[in-house]
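Notes follow once the structure below has been shown.
The values are calculated or read from the model by the stated rules, or taken from the named source; none is laboratory data. Just so we're clear, the structure is a prediction, and the values are computed from it rather than from any experiment. Positions of Cβ are generated from backbone atoms using ideal geometry, with glycine treated the same way; all protein chains shown enter the neighbour counts. For the accessible areas, the whole protein counts, side chains as well, though only heavy atoms, and no ligand, DNA or RNA atoms are used. Shrake-Rupley method; radii C 1.70, N 1.55, O 1.52, S 1.80 Å.
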Amino acid sequence: MQFTNTLAFAQQQDQEDELQHFRNEFLIPKHEGKEITYLCGNSLGLQPKNTRQFINEQLDYWEKYGVEGWFDGEQPWLAYHHEISDLLAPILGAKPIEVTCMNNLTINLHLLMVSFYQPKGKKYKILMEGGAFPSDQYAIESQVKFRGYNADDAIIEVFPRAGEETLRTEDILEKINKHKKELALILFGGINYYTGQVFDMKTITKAGHDIGALVGFDLAHAAGNVPVQLHNWEVDFACWCSYKYMNSSPGGISGIFVHEKHFEADLPRFAGWWGYQLDKRFKMDKGFVPEKGAEGWQVSTSPILMMAAHKASLKVFEKAGFANMRAKSIRLTGFLEFLIQQVNEALGEEFFKIITPKNPEERGCQLSLICKQDGKLIFDALVKQQIIGDWREPNVIRVSPVPLYNTFKDVFAFADALLEISLKLKPTN
Ligand SMILES: *Cc1c(COP(=O)(O)O)cnc(C)c1O
């Protein structure tokens with residue numbers, strides 16, 4: 001792909017962009033009347049304009065029907081999540097019956113580990129990425145302890161080689177092989193939150209199955225960002241949040257995937273009435289009988305307002321087409337990478353080191369930059385100019401242009417400010 005380091009080039013790219021008009025379907029935050037440059041979809045996606053309408057609709061039904069809203073009216077709440085499964089399935093490469101939405105992400109990690117972490121005899125260990133998102137570390141650590149193991153012994157982490165920032169698939173496979181007699185579960189992120197690296201989920205899944213382990217993924221940074229084929233890759237389970245790339249409200253509802261090969265197995269689970277067979281749920285009988293599919297893992301009554309926000313955003317995804325979004329995303333992040341390299345050239349050194357892989361297949365929207373020095377100062381100066389990425393300790397700036405509402409001009413504005421700020425800092429070095 002050929003890029004040019006000019007505003008005119010960025011504007012021309014925006015004009016030629018088929019998804020350009022989707023920006024109008026979002027509420028872009030403003031500062032003193034001017035739209036800010038928001039590059040933080042990796043943390044909280046922006047609000048689609050239709051979210052308010054979707055939520056208001058449910059408030060109206062609540063007003064009109066009261067409790068009968070569960071069974072009556074235009075969209076009975078009892079089945080409200082079914083359309084969400086249909087909308088999620090193509091984004092996750094799953095069958096609709098394999099996905100559902102419920103709870104929040106870390107809760108779902110716990111619930112799925114109850115079912116899919118099945119330690120037996122010598123096979124009781126869990127393999128995970130080193131430097132995983134803290135909530136995942138805490139969840140896995142506490143699950144292992146809950147089953148009576150010592151976390152230091154039962155959790156095996158894979159780290160990058162010395163001097164490298166990201167993991168090599170060969171090193172992951174080697175670790176799997178080395179511990180093949182001990183591993184019960186492999187639980188990885190789909191994308192590491194810090195580096196933005198996409199892991200080779202297909203290969204990891206196969207390697208895990210070859211040694212008799214189950215394999216699951218936390219797709220917090222992958223869902224709605226990069227294509228995945230959970231069904232075809234035969235991933236056992238996965239979960240994700242909807243508030244990052246899926247724009248479904250702060251702390252919005254999470255999603256889970258369970259491969260259909262597990263539907264007939266009598267897996268252990270922490271059950272609740274919302275996972276009970278739907279047609280018999282209100283008989284209030286004794287003895288839990290799960291609904292078939294991922295829905296059988298639901299525990300509590302559907303939070304309809306959160307689901308409405310999720311549905312609103314997924315409707316925008318459906319209209320845009322996920323393949324189109326990904327194609328634009330590759331160009332947009334490619335442009336960002338090109339411009340950061342140009343900034344480095346202008347500074348006469350690799351002042352901003354991109355630790356995210358270069359290969360578009362191994363990354364999504366996000367690039368993670370390590371600043372040679374003054375990282376936090378530079379980040380704060382960007383924020384002051386209303387250019388919003390995020391800062392992750394100890395030393396990374398994450399920037400994520402997303403295809404639905406970001407423009408090539410946004411990316412240009414970021415790089416332009418980055419150079420200006422760095423040049424101002426330089427003389428004091
Ligand atoms: C964002 C994120 C979480 C957050 O979990 P919540 O339960 O939604 O607070 C967990 N894990 C990963 C990998 C994340 O990126």
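When you look at ALA238, is it modelled with pLDDT of 95 or more and away from the ligand (no atom under 16 Å from the Cβ), yes or no? First the steps, then the outcome.
Details: modelled with pLDDT of 95 or more: yes; away from the ligand (no atom under 16 Å from the Cβ): no.
Taking the combined requirement at face value, the residue does not satisfy it.
To keep it simple, each residue is scored yes or no on (1) open to solvent by less than 70 Å² (accessible area, probe 1.4 Å); (2) out of contact with any Leu (no Cβ under 7 Å at 6 or more places or on another chain); (3) within 16 Å of the ligand (Cβ to nearest atom); (4) hydroxyl-bearing (Ser, Thr, Tyr).
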site: GLY130; (1), (2), (3), (4): yes, yes, yes, no
site: ALA139; (1), (2), (3), (4): yes, no, yes, no
site: SER142; (1), (2), (3), (4): yes, yes, yes, yes
site: LYS145; (1), (2), (3), (4): no, yes, no, no
site: ILE156; (1), (2), (3), (4): yes, no, no, no
site: GLY163; (1), (2), (3), (4): no, yes, no, no
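Checking each residue of the range 377-387 against the condition of being open to solvent by 30 Å² or more (accessible area, probe 1.4 Å), without any contact (Cβ under 8 Å) to a residue 24 or more places away in the chain and on the phi > 0 side of the Ramachandran plot gives no match. Scanning the range 35-94 for residues being open to solvent by 30 Å² or more (accessible area, probe 1.4 Å), of a type outside the set (A, V, I, L, M, F, W, C) and closer than 24 Å to VAL258 by Cα gives a total of 4. For the range 194-243, the tally of residues that are touching a His at 6+ places or on another chain (Cβ under 8 Å) and of a type in the set (Gly, Ala, Ser) stands at 2. Being open to solvent by 50 Å² or more (accessible area, probe 1.4 Å) and either of a type in the set (Phe, Trp, Tyr) or under 28 Å from the mean Cα position of the chain (by Cα) (or both) is a property that LEU27 has. GLU157 fulfils the conditions (1) closer than 22 Å to LYS353 by Cβ; (2) assigned to a strand (DSSP E or B); (3) among the charged types (D, E, K, R) except for a single criterion, (1). Residues being outside any helix (DSSP H, G or I), among the aromatic types (Phe, Trp, Tyr) and open to solvent by 20 Å² or more (accessible area, probe 1.4 Å) are entirely absent from the range 100-122.
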